[in-house]
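A short write-up of the structure that comes next.
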Amino acid sequence: MSDLRVRAIDEDEIGTIIAEDVEFDGEMLFEHPVLIRGKIKGSIASRDDVFISEEAVVNAEIEAKRVSIKGRVNASINARDRLELFKTAQVKGSIRTPDLIVQSGARFTGPCTMPSPEESHNEPID
């Protein structure tokens with residue numbers, strides 16, 4: 001049986017980090033990768049990757065190229081390339097992605113739609 005592996009997060013390559021003590025309510029738009037450690041409500045859109053750390057609590061719609069989750073997310077997720085749920089992830093909401101990786105121990109409650117990669121890349125970002 002092969003070992004399932006997800007990408008490791010190299011924080012040195014991430015330009016924006018939302019710290020543990022930050023609480024934000026509103027819309028966030030990023031051009032580059034972002035790491036969320038705090039508490040976010042509203043919406044997050046990125047042309048690149050979004051990383052949700054283990055201590056993060058996100059009650060925000062997420063749209064990004066790739067989304068990697070170790071914390072809690074309570075909203076819909078649209079990952080245009082890939083969605084990775086690490087073993088500590090807790091997700092409640094709808095998922096839309098052409099590629100889904102779920103480590104043993106991750107929790108997901110909600111519907112999941114897996115369009116073809118071509119369909120997924122034709123979706124606009126606000």
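Proximity of backbone amide H atoms, modeled 1.01 Å from N, is registered between residue 74 and 58, 59, 60, 92 at under 5 Å, excluding neighbours fewer than 5 places apart on the same chain. Annotation for segment 44-78: trypsin sites (Lys or Arg not before Pro) lying in DSSP loop with at most 14 further Cβ atoms inside 10 Å of their Cβ are 47.
Readers should treat all values here as calculations from the given coordinates under stated rules, not as data from a laboratory. What you are looking at is a predicted structure, and each value in this text was computed from that prediction instead of being measured. Cβ coordinates were reconstructed from backbone atoms using ideal geometry, including for glycine residues, and neighbour counts include every protein chain displayed.
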